[in-house]
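What follows is a short report on a single structure.
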Amino acid sequence: MRITEVRVRQVAVPRIYDTYCADPKHLKATINHDRTTYQIIELKNHDGLTGIGEVSDIAPRMEAPSPDSLQGLLAELLVNGDICGWRALYDRVD
């Protein structure tokens, strides 16, 4: 089974628990700490099956790639890759 398409979507959802990566007294006031950002990754194959993964809790300081950039990078590495040989695909991305 070969990957035929990669899609990446970004969502921001209300934070339901407190997470602090730094001293809360020094959190930037310009950043909304009540929401958390995720990138949802979809891998599709020729049979119409979809696998879903995520990059979670993306803090602004991480300077994560845009969804379009990440989609392009992953598509270049994964499209036409054999899902059954997942370890080789993992090594490509790593």
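The values are calculated or read from the model by the stated rules, or taken from the named source; none is laboratory data. Small disclaimer: the values here were computed from a predicted structure and weren't measured. FYI the Cβ positions are ideal-geometry reconstructions off the backbone, even for glycines, and counts take in every protein chain you see.
Assorted remarks:
- Residue within the range 19-38 that is surrounded by 14 or more Cβ atoms within 10 Å (Cβ to Cβ), assigned to a strand (DSSP E or B) and either modelled with pLDDT under 85 or of a type in the set (V, I, T) (or both) present: yes
- When each of R61, R87 is tested for being more than 13 Å from the chain's Cα centre (by Cα), assigned to a helix (DSSP H, G or I) and modelled with pLDDT under 90, the lone residue that passes is R61.
- Flag for T4 being at pLDDT 90 or above, hydroxyl-bearing (S, T, Y), surrounded by 12 or more Cβ atoms within 10 Å (Cβ to Cβ) and in a strand (DSSP E or B): yes
- Restricting attention to the range 43-58, the residues that are within 12 Å of the chain's Cα centre (by Cα), closer than 18 Å to R7 by Cα and surrounded by fewer than 15 Cβ atoms within 10 Å (Cβ to Cβ) total 4.
- For first residues located in the range 69-88 and free of Cβ contacts under 8 Å to residues at least 24 places away in the same chain and under 11 Å from I3 (Cα atoms), partners that are surrounded by fewer than 14 Cβ atoms within 10 Å (Cβ to Cβ) and hydrophobic (A, V, I, L, M, F, W, C) and lie 6+ apart or on another chain with Cβ distances below 9 Å form the pairs L77/V93.
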